[in-house]
Amino acid sequence: MNAISGALADQLTAKLRAVARDSDTWVVVLTAAGERAFCVGADLKERRMFSLEDFHRNRTSMRSMFGALRELPQPSIASTFGFALGGGFELALSCDLTVAAADTVFGLPEARVGLIPAGGATQLLTRAAGPRVAKQMIFTGRRLDARRAKEIGLVAEVVERAGLAEATMALANGICASSPVAVREAKGAIDAALGAPLGDGLELENDAWRRTVQSDDRGEGIAAFNEKREPRWRNR
């Protein structure tokens, strides 16, 4: 069911931080093994014997994992299927885009076991779908199917399970058709300006534009357009 243990969280953190430093990685796709679930969140069997100190240690690992995913400079895509519950839903929320199999079920059941979703959902879901949707899902544990998630903007595309990998890679390839420099700068400007006054956000946008206009990719992109050919991005 792809539950997240403390050890798995640490492994994912290390991998994500390594990917973040890899300039040859233009897009990150987060998917999962198995058939039943993308991820059902924290490993409650592991937590059954936790002391309070264990919970705090595990909290550090979990926060580091979600932070590393949110802070990737590259765009990230969650490719979900089956159950995406608790921290599994928060992994998808922490990505920039989600492609969901039609059988995906999203939910935040933490309040049913005396906790709150603390992998970012109280903030990320609220920003993505509004406070009323976030409150209803968190207060009640009510689940959301993939098509409804798409209707409210949480999912970019819904496809049948058999076509999930193909649809995810099509979206990733579509992103890779754009300049990786421009995509990283656009992502940085969008994320940094969330919650900021409009004027501050526009200054962040202008700073990002200045960096892209000085890039080799800007020259290549305009040359390719005028020469009626596909650009050969230099990623610098």
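The values are calculated or read from the model by the stated rules, or taken from the named source; none is laboratory data. These numbers were taken from a predicted model, which means no experiment stands behind them. Don't worry about glycine lacking a Cβ; one is built from the backbone with ideal geometry, like all the others, and counts go over all protein chains shown.
The conditions of being out of contact with any Lys or Arg (no Cβ under 8 Å at 6 or more places or on another chain) and within 20 Å of Arg59 (Cα to Cα) are not met by Val99. Note on the stretch 1-59: among residues that are of a type in the set (S, T, N, Q) and not in a helix (DSSP H, G or I), the one that is surrounded by the fewest Cβ atoms within 10 Å (Cβ to Cβ) is Ser51. For the stretch 90-97, the count of residues that are under 18 Å from Ala170 (Cβ atoms), within 12 Å of the chain's Cα centre (by Cα) and part of a loop (DSSP other than H, G, I, E, B) is nonzero. Picking from residues in the stretch 13-31 that are in contact with a Ser or Thr (Cβ under 8 Å, 6 or more places away or on another chain) and of a type outside the set (Ser, Thr, Tyr), the one that is farthest from Asn173 (Cα to Cα) is Val19. The numbered conditions (1) out of contact with any helix residue (DSSP H, G or I) (no Cβ under 8 Å at 6 or more places or on another chain); (2) within 28 Å of Leu164 (Cα to Cα); (3) modelled with pLDDT of 95 or more are all true for Leu72 except (1).
Of the residues making up the stretch 194-214, not a single one is within 24 Å of the chain's Cα centre (by Cα), closer than 27 Å to Phe106 by Cβ and surrounded by 14 or more Cβ atoms within 10 Å (Cβ to Cβ).
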